[in-house]
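The next block holds one structure in the form of structure tokens; read it before the comments.
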Amino acid sequence: MKKESDIMKEKLAVVFVIGIVFLSMCTETSEEKSAENELTVSKFVFCTEVLQNGEYTPRSNAEFLPGENIYIYFELKGVKTEESNGKYSVSVKWDYLKIYRGGNLLDEKYNVLNYNQSFDTTVSYVWMSKPLSITDPGDYEVEIKVIDNYTGKYVTARESFKIVGESLTTTPPEEKEKNIDVIYYYFLKVPSATYHLFGNVYENYVDVEITNNSSEKVRAKVEVQIMNFTSPSFQTIDIPGNNKVTVSLTPPLMPNVLDLLSEQKRTNFHIKVTYIESGEEKLVFEDTQPVTMLAKRDMVLWMQGYDFRDNIAAWVTPNDPAIDHFFSVAKKYMPGGTFAGYQEDEEGVLNQLEKIYYTLKKEYKISYVSTPNFRIYNDGKDVIQRIKFPSETLSTKTGNCIETTVLFASIFEALEMNAVIILRPGHAYVGVETQNGSGYYYFIETTMLGNEDVTFYDALDQGYANFDEDKPHLQNNEVGYRAIFINDCRAAGISPIEE
């Protein structure tokens, strides 16, 4: 049994940044390695698309149309790596992003990204990217500041781009004295299964920054919608003269929309900003951009460089009728036909775990199906896995490591027992606290279910062996490893998906 402190239990730091940021580390060659390198921005370009490190489409002359997505891409060299136990770690902070027009500050964001990561080798540079969308023609500049947290050194860089063509702001010329600027940030992929966490666990789906450059107060109205999948959401706000406000909204999903999302579907995100004068709405800005609604069973683990692995807890569904039915099948293995959870002592808890294991093995005949593409982390790229719900694993009698792990965790949580899911590169397994608050855990390798020659105690031994191997990586908070405590996720607001 392992003490909770050994697992390095951490508070859930649920981070959600409106706007998309990519980050990756690139291995350095011996020719590039130099301890004397200064921190520098070696490349700073404006693109129409950024896929991954070194794969981007620059825009000639850095000229864009009003409302077009503009991707900033830059590479940071001279990043310090620190070695510990054969691992090389990097700690970088993207401190701010500022946008200027005609030499005047238009918009600024601070604490854009604080990133820490460990690697098997040293690294030579970091790359980052972020999209913008600006509506009014003109000459613009972007300024960034990035800090190496290990050395305290920082670097700034500033580059220019242009917005050319007719403004998307359709306000008639006589009303231009309102001088309202609009910038907005949203996600290009929409995780439908965990959409209910927007505006609760995470920030809202879209941030709209409205700047009133006139001296008079303006009443503005913002309306947003993901077409065909959400109802419109709107907010009216008064903006004092020469002030900027941020309106954050999550348009609500339409009833039963998840039933339509057995596969990913393309749609459009629509935004409209008006100001109200003499009881009439007058258009300031309107835009439509393509987005992808992810399928209901698409589990987002990493997206645009951000860690969403705690969302696995949403796939733990203790109240599903299929879990209730499981206990009606399993009760014949228990004396008195009752699973009592922590009302039993440690020996009694272990006995319940054994009966749960054998019910899945003998009654449901669950077998393990390998998923070669299963990933926990993939160098900052999107990691979106198609995962069955526990009820589907029970009905199909098959599951990969994460599917059988969330099934076990669902059963444990239904008994009000404290489950933990351990992630390692390419794999997951489950643990459960021996007694409520004891800090000790049983670990089970769930993929051994389909092997007729394997006993529950073999699966338990393998679970402990897994954890003994993973413990130092968890203690070092390495990016490919994580302990997800279901109770903590619930306290943070990550609720089960409603099938």
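When Lys109 is tested against the conditions (1) more than 30 Å from Leu474 (Cα to Cα); (2) outside any strand (DSSP E or B); (3) among the charged types (D, E, K, R), the lone failure is (2). Residue-level check: of (1) of a type in the set (Gly, Ala, Ser); (2) crowded, with 19+ Cβ neighbours inside 10 Å; (3) farther than 29 Å from Arg482 by Cβ, Ser129 misses just (3). Every test in (1) in the same structural domain as Val479 (by TED's automatic domain parsing); (2) under 22 Å from Ile183 (Cβ atoms) is passed by Ala314 save one, and that test is (2). Scanning segment 274-315 for residues that are within 19 Å of Phe198 (Cβ to Cβ), of a type in the set (D, E, K, R), over 9 Å from the mean Cα position of the chain (by Cα) and assigned to a strand (DSSP E or B) yields one hit, Asp298.
Determine whether Tyr457 is in contact with a strand residue (DSSP E or B) (Cβ under 7 Å, 6 or more places away or on another chain) and either surrounded by fewer than 20 Cβ atoms within 10 Å (Cβ to Cβ) or part of a strand (DSSP E or B) (or both).
Judged against the criteria, Tyr457 is not a match.
In the set Pro255, Pro232, Pro240, only one residue is touching a His at 6+ places or on another chain (Cβ under 9 Å), free of Cβ contacts under 8 Å to residues at least 60 places away in the same chain and surrounded by fewer than 19 Cβ atoms within 10 Å (Cβ to Cβ); that residue is Pro232.
Candidates in segment 28-64 are the residues that are of a type in the set (Asp, Glu) and part of a strand (DSSP E or B); of these, the one that is modelled with the highest pLDDT is Glu63.
For (1) in contact with a Gly (Cβ under 6 Å, 6 or more places away or on another chain); (2) in the same structural domain as Pro321 (by TED's automatic domain parsing); (3) part of a loop (DSSP other than H, G, I, E, B); (4) surrounded by fewer than 21 Cβ atoms within 10 Å (Cβ to Cβ), each residue gets a yes or a no:
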residue: Ile384; (1), (2), (3), (4): no, yes, no, yes
residue: Ser391; (1), (2), (3), (4): no, yes, no, yes
residue: Leu394; (1), (2), (3), (4): no, yes, no, no
residue: Glu403; (1), (2), (3), (4): no, yes, no, no
residue: Ile411; (1), (2), (3), (4): no, yes, no, no
residue: Gly431; (1), (2), (3), (4): no, yes, no, no
residue: Ser438; (1), (2), (3), (4): no, yes, yes, yes
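Would you list the strands (runs of 3 or more DSSP E) that sit entirely within segment 192-251 and hold 2 or more residues that are charged (D, E, K, R) and either farther than 30 Å from Asp310 by Cβ or in contact with a helix residue (DSSP H, G or I) (Cβ under 9 Å, 6 or more places away or on another chain) (or both)? In segment 192-251, the matching strands (runs of 3 or more DSSP E) lie at 218-226. Against the list (1) touching a helix residue (DSSP H, G or I) at 6+ places or on another chain (Cβ under 8 Å); (2) touching a residue at least 40 places away in the same chain (Cβ under 8 Å), the condition Glu478 fails is (1).
The values are calculated or read from the model by the stated rules, or taken from the named source; none is laboratory data. Source: prediction; values computed, not measured. Neighbour counts are summed over all protein chains in view; Cβ atoms, including those assigned to glycine, are modelled from backbone coordinates with ideal geometry.
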